[in-house]
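Quick notes on the structure that follows.
Just so you know, all these numbers are worked out from the coordinates, no wet-lab data involved. The shown structure was predicted, so the numbers you read here are calculated from the model rather than taken from an experiment. Ideal geometry is used to build each Cβ from the backbone, glycine not excepted, and the neighbour counts take in all protein chains shown.
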Amino acid sequence: MDLLAVTAFGIVYGIATLVLLALGLAVIFGMMGVINLAQGEFLMLGAYTVLLTTAHGGSVWAGIALAPLVVGFVGVAVERTVIRFLYGRTLDTMLATWGLSLALIGIVTLGFGPTTEGIATPLGHVAVGRYSVAHYQGFVIAVALGSLGLTWGLFNWTRFGLVARATMQNASMVAGLGVNPSRVYMGTFAFGSALAGLGGAVMAPLTGVVPTFGLAFIAKIFITVIVGGPVILLGTTTAGGVLGLVESLVSYASTPIYGQVAMLVFAIVLLRLLPQGISGFWRRGV
Amino acid sequence: MLWAGVVLALAALPLSLSLFQVVRLTVFMVFCLLALSLDLIWGFGGILSFGQAAFFGVGGYAYGVAGINTGLSLVALVVSTAAAAALAALLGYFTFYGRVSAMYFAVITLTVTLILHQVMGTTADPRYAIGAARLGGYNGMTNIPSLALELPGRPAAVLEPVPLFYVVAGLLLAILALCRALVASPFGRVLAAIREDEGRTEMLGYDVRWRKLVVFVLSGAIAGLSGGLFAGWGNFINPQVFSLSQSALVVIWVMVGGRGTLYGAIVGALVVQFLTSYLGAASVSYTSVALGLILVTIVLLFPRGLVPALIGALARLIARPRAASEPA
């Protein structure tokens, strides 16, 4: 019974991390259609924000609060200097952000060294029979749910969200109505970057911080968003649920690496059956 | 004429170079083969594959496993080509027949490469072995047999650097010629049509999926052969061949040389490799920063390729005085 509860919690936790990490990409790739291969490095920058905050005497919580701001600004800088020249040239965007990803990994390695830095995980444990569960994992699940709700609310209930969705559908119409699409793109990209910063920051105490932090997640989150399909938030969440379940189950049965392989194979077979992604046949929306 | 000149120049090169330079040029030609495989699928099929490094690596590992177990380097070379082609066929079936879009295809090939990197990295334990070949985790697979001439009834003769140079040069020229013939054939014409407008080509009655699969498998096989040659050249392979920077390097070679020409890929690979080796083996991080910035710069400023842009600028410089002297 205890084992069952702990395993179930572990699976929910696995799904929550996948959704949390993939959310920023779901906004940038799913909504804007920009394949940002530097997304993993945005996660990494979020994690380094927490590391630097704690190194300068701040608390982990301050670091997690700061990370979305820092990475959001990085997102604005990247959008203004690179991405905005490449809208509509998807493959070129991909190549440019790939270059950015390599450069960011290199720069951070030069600045902070290639070693893994640990951050003490805050909060304690709770005993479940003979097992123990970290409170922090519960915090991760809460943040995942919170940022999912925030994103959904932002795009469905605010004026910015309405304008953003309209811009993605028809930019020239929006421009005709007196809104500058360029600024909407910038804002949406910054929001997606900030979400990535938050995800990386929240994961930092659990995984440790290293310049190649993003590489461990980039493959997973792209697969999740692709399998999610056109209904961005609900699709990504569902895909995160299905793929996270496959990964967790296989990981429990063997090793985490085989969990990732099983997840990838499952995703490719799923795309053969549902080329539009899980939400391909659903009513369109955010 | 041009071909005869190239063959003569290649034949004369080892005579005028030091042994070190011959060995280095040999591995650059192996990389040229890899660049060629990407240009075939990207420049002519219009399919951007980020997974050429995966086929290269799978080819290298397959060469190692087959070579250590059989001791026959020719068998190992065939196995390396076949293994990469099989992976390409499997991946191509699911993506092309699933009608996955070009962007998704690029992302999926990249994910496969990254996951191979992680999987091969966890094989350090001695129980991860295929026959006598230990995979060796991040330390890589060692003691891979060199390329050798194996004739029945004679002892195998390991190829010395200069004969190896000729073998690799011959293979490169032969495969370049085959690729030229392929893109000039009716199949190649349909391929170019797919690149220009996939939907229209399909409406004209051509099976787009099958042709994409064929060219992807061919390109995978060439990349696998190149990986096999690489493992035989260095007697060593490690998961680094699946890394993000290695995958990026293949794309950079083709982008520097300009895509869609086949020659460009070879020029690009040679230029980039000579430059990086002359810049010195500075730290890996500097190389990573430099490669990344090169990639961003080329995409933003020279989307058609660096060498074509330089040639274009040169041609304009030469043409300008003549145009000025003509009567208005």
*Among B:118, B:25, B:255, which residue has its Cα positioned farthest towards the positive end of the charge dipole of chain B, with +1 placed on the Cβ of Lys and Arg, -1 on the Cβ of Asp and Glu, and the dipole taken about the Cα centre?*
B:255
*Treating the beta-carbon of each Lys and Arg as +1 and of each Asp and Glu as -1, no other charges, what is the dipole magnitude of chain B about its Cα centre, to the nearest 20 debye?*
340
*Do the sum for the protein assembly as shown: with -39,500 (n - 2.57) for every DSSP H run of n ≥ 4, divided by all residues, what is the mean residue ellipticity at 222 nm, to the nearest 500 deg cm²/dmol?*
-24500 deg cm²/dmol
*For chain A: span of alpha carbons on each principal axis (Å, largest first)*: 64, 47, 33
_Using all alpha carbons of the stretch B:19-242, what is the percent of pairwise distances in each 5 Å bin, ordered from the shortest bin to the longest?_
1, 7, 14, 18, 18, 15, 12, 8, 5, 2, 1, 0
*For the protein assembly as shown, what is the charge dipole size about the Cα centre, in debye to the nearest 20, if Lys and Arg each add +1 at the Cβ and Asp and Glu each add -1 at the Cβ?*
1000
*Can you pull the mean other chain C-beta count within 10 Å for peptide A:89-95?*
6
*What is the calculated FRET efficiency for residue B:27 to residue B:304, with r their C-beta to C-beta distance and R₀ = 22 Å, to the nearest 0.05?*
0.20
_Projected label distance in nm at residue A:59 and residue B:19, using a 7 Å step from Cα toward the beta-carbon_ = 6.7
*asked:* So if each residue of separation counts as 0.36 nm, and I subtract the Cα-Cα distance between residue A:85 and residue A:117, what length gain in nm does that give?
replied: 7.9 nm
*Hey, quick one: spin label on residue B:166, modelled 7 Å out along Cα-Cβ, who in the stretch B:20-36 has an amide N within reach, i.e. under 14 Å?*
none
_Considering the Cα positions of the stretch B:176-221, please state its Rg to one decimal place and its Dmax as a whole number of Å._
10.6, 31
*Charge-dipole axis of chain A as Lys and Arg at +1 and Asp and Glu at -1 on Cβ define it, positive-most pick from A:127, A:141, A:28*: A:28
*Find the centroid of the Cα atoms in the stretch B:52-73 and in the stretch B:1-41, then give the distance between the two in whole Å.*
22
*Assign unit charges at the C-beta atoms only (+1 for Lys and Arg, -1 for Asp and Glu), then state the dipole size of the stretch A:2-213 relative to its Cα centre in Debye, rounded to the nearest 20.*
460
*How far is it, in nm, from the label point at residue A:77 to the one at residue B:138 when both lie 7 Å from their Cα along the line to the Cβ?*
2.8
*Residue among A:18, A:42, A:69 farthest towards the positive dipole end of the stretch A:2-213, charges placed on Cβ*: A:69
*Compute the FRET efficiency between residue A:136 and residue A:6 as 1/(1 + (r/R0)^6), taking r as their Cβ-Cβ distance and R0 = 22 Å, and round to the nearest 0.05.*
0.90
_Given points 7 Å out from each Cα along the Cα-Cβ axis, report the residue B:70 to residue A:177 separation in nanometres with one decimal._
6.6
_Whole-number D in µm² s⁻¹ for the protein assembly as shown, Kirkwood Cα-pair radius fed into Stokes-Einstein, 37 °C, 0.692 mPa s_ = 127
*Relative contact order, percent, of the stretch A:2-213 when contacts are C-alpha pairs under 8 Å separated by at least 6 residues?*
44
*Could you give the C-alpha radius of gyration of the stretch B:66-112 expressed as a fraction of 2.2 N^0.38 Å, taking N as the number of residues it contains?*
1.54
*Rounded if a/c is under 1.5, else prolate if a/b is larger than b/c, else oblate: which is the stretch A:45-191, with a ≥ b ≥ c the root eigenvalues of its Cα gyration tensor?*
oblate
*Just tell me the longest site-free run in chain A, where the sites are trypsin sites (Lys or Arg not before Pro) in a DSSP loop having at most 11 other beta-carbon atoms within 10 Å.*
A:131-282
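Normalising by the residue count of chain B, find the relative contact order in percent from Cα pairs under 8 Å and 6+ residues apart.
Values: 494 pairs, mean separation 100.6, N = 328.
Over chain B, the number comes to 31 percent.
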*Measure out, as a whole number of angstrom, how far apart the alpha-carbon centroids of the stretch A:79-151 and the stretch B:185-214 sit.*
40
*Exposure proxy ranking, count of Cβ atoms within 10 Å, fewest first, for A:273, A:243*: A:273, A:243
*Sorted by average packing, counted as other Cβ atoms within 10 angstrom per residue and highest first, what order do A:1-7, A:196-202 take?*
A:196-202, A:1-7
*Taking neighbour counts of Cβ atoms within 10 Å as a proxy for exposure, in what order, fewest first, do A:31, A:173 appear?*
A:173, A:31
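On a full-extension model of 0.36 nm per residue, what is the gain between residue B:206 and residue B:190, subtracting their alpha-carbon distance, rounded to one decimal in nm?
Roughly 5.0 nm would be gained on extension.
As an exercise, use a Förster radius of 25 Å and the Cβ-Cβ distance of residue B:236 and residue B:149 to find the FRET efficiency, rounded to the nearest 0.05.
Details: r = 21 Å, r/R0 = 0.85.
So, using R0 = 25 Å, E works out to roughly 0.75.
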*Would you mind estimating how fast the stretch A:179-281 diffuses translationally, via Stokes-Einstein at 20 °C and 1.002 mPa s with the Kirkwood radius over Cα pairs, in µm²/s?*
141
